[in-house]
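Step one of this worksheet: look at the structure below.
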2 protein chains.
Amino acid sequence: MGTLASSIEEYLKRLLALSASGYIEIRRKELSQKFQCVPSQVNYVLETRFTLERGYLVESKRGGKGFVRVKKIKISEGGLLSMLLEEISKGSMNKERARHFIQRLNEEKFISYRESKLMESVLDGLDAVENEIVRDFIRGRILGKMIIVLLKHDV
Amino acid sequence: MGTLASSIEEYLKRLLALSASGYIEIRRKELSQKFQCVPSQVNYVLETRFTLERGYLVESKRGGKGFVRVKKIKISEGGLLSMLLEEISKGSMNKERARHFIQRLNEEKFISYRESKLMESVLDGLDAVENEIVRDFIRGRILGKMIIVLLKHDV
DNA sequence: TATTTTGACTATCTTTGACTTTTACTCTTA
DNA sequence: TAAGAGTAAAAGTCAAAGATAGTCAAAATA
């Protein structure tokens, strides 16, 4: 028997494997009751085991009928997305590299032409940020958030 | 099954979609009876889901012959985008305002949900720009460029 | 020391109900 | 009969209660 955290991790992964939709929705409180622990333990598991790097997306809603949704995303090893995610995780990205990735994303039909143009317009808009370090950082940051959105709301 | 609030929201939107006049008139009390809740629940739904920023106008009258009228404000894509551009040029485009505009564009079906989330992620990404003046300026600049893309590459 | 577990405090969203205001209608009364 | 008073039938307001989830740092454990 390992830690509580890994039991919960396994449980969620089992649920995910069984789910036809590719994602699961749980009640944080219910789950914590099932494992007889505090609710924030669930957050700990999600933060440490269901990260983007590991191929998971987590969304949630508070209040009545609240939920936590965990989604498994398929990122092919060594593919465009995994390269992109890795570069983004390093923190920043220059304009040419970003433009290249956006074009490739469109070529691979991961985004539409219009979406690619929308994303490129961000790069141009950022030219007005004076400091190059800051500019590259913000560019990487925005790109990262955009990728998450694209994965969350895949076509 | 979602919340009561979203059931009522959906019901009203369905009625609106069916209505030829572009607006609907309901009795607050009747509606609350239909959904077996207190009347003020209807106000909650109207206040949170049928706001001006989302493109709805709500009017009402009390007393005998009282009613609640909900109207969808019709606006053209060009109209909405030029309002946006005007606010940007006046420098009054803060983050929340921008977010509402983007959501409105989606609600009006001028952009897809995915595109709206893509645009919103720019707003969040820009939070890392320290200086508020700079941040607002860059946000406006990017938004402006995005709008041009939307106009150019019409769906 | 690094990881895990816990709990106090906070944030967000929804639902409810007591109390207030407005309006149409009816009933008096000069 | 016109003006005013009273009444019932709406709708509005607002704050409290309820239902979730998130954050963060201290404590416990490996």
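The values are calculated or read from the model by the stated rules, or taken from the named source; none is laboratory data. Remember, it's a predicted structure, so these values are computed and weren't measured experimentally. Cβ coordinates were reconstructed from backbone atoms using ideal geometry, including for glycine residues, and neighbour counts include every protein chain displayed.
Considering the conditions (1) within 14 Å of DNA strand D (Cβ to nearest atom); (2) in contact (Cβ under 8 Å) with a residue 60 or more places away in the chain, A:Leu52 is excluded by exactly one of them, (1). The residues on offer are B:Val58, B:Val45, and the sole one that is surrounded by 13 or more Cβ atoms within 10 Å (Cβ to Cβ) and touching a strand residue (DSSP E or B) at 6+ places or on another chain (Cβ under 9 Å) is B:Val58. Return a yes/no flag: does the stretch A:22-39 have any residue that is more than 30 Å from A:Asn131 (Cβ to Cβ), buried (at least 17 other Cβ atoms within 10 Å of the Cβ), away from DNA strand C (no atom under 16 Å from the Cβ) and charged (D, E, K, R). No: the stretch A:22-39 contains no residue that is more than 30 Å from A:Asn131 (Cβ to Cβ), buried (at least 17 other Cβ atoms within 10 Å of the Cβ), away from DNA strand C (no atom under 16 Å from the Cβ) and charged (D, E, K, R).
What number of residues in the stretch B:80-111 are hydroxyl-bearing (Ser, Thr, Tyr) and either modelled with pLDDT of 95 or more or not in a loop (DSSP other than H, G, I, E, B) (or both)? Give the derivation first.
We begin by selecting, within the stretch B:80-111, every residue hydroxyl-bearing (Ser, Thr, Tyr); these are B:82, B:89, B:92.
This time we only want the ones that are either modelled with pLDDT of 95 or more or not in a loop (DSSP other than H, G, I, E, B) (or both), so: B:82, B:89.
Here the count works out to 2.
Among the numbered conditions (1) modelled with pLDDT under 95; (2) of a type in the set (A, V, I, L, M, F, W, C); (3) surrounded by 15 or more Cβ atoms within 10 Å (Cβ to Cβ), the only one that A:Met1 does not meet is (3).
State the number of residues belonging to the stretch B:11-38 that are within 14 Å of another protein chain (Cβ to nearest Cβ) and part of a helix (DSSP H, G or I).
Summing the residues that are within 14 Å of another protein chain (Cβ to nearest Cβ) and part of a helix (DSSP H, G or I) in the stretch B:11-38 gives 0.
Taking interchain pairs and intrachain pairs at least six residues apart, which have beta carbon atoms under 7 angstrom, with the first residue in the stretch A:95-107 and among the aliphatic types (A, V, I, L, M) and the second not in a helix (DSSP H, G or I)? Filtered contacts from the stretch A:95-107: A:Leu105/A:Ile111. A residue that is modelled with pLDDT under 95 and surrounded by 16 or more Cβ atoms within 10 Å (Cβ to Cβ) can be found somewhere in the stretch B:61-79.
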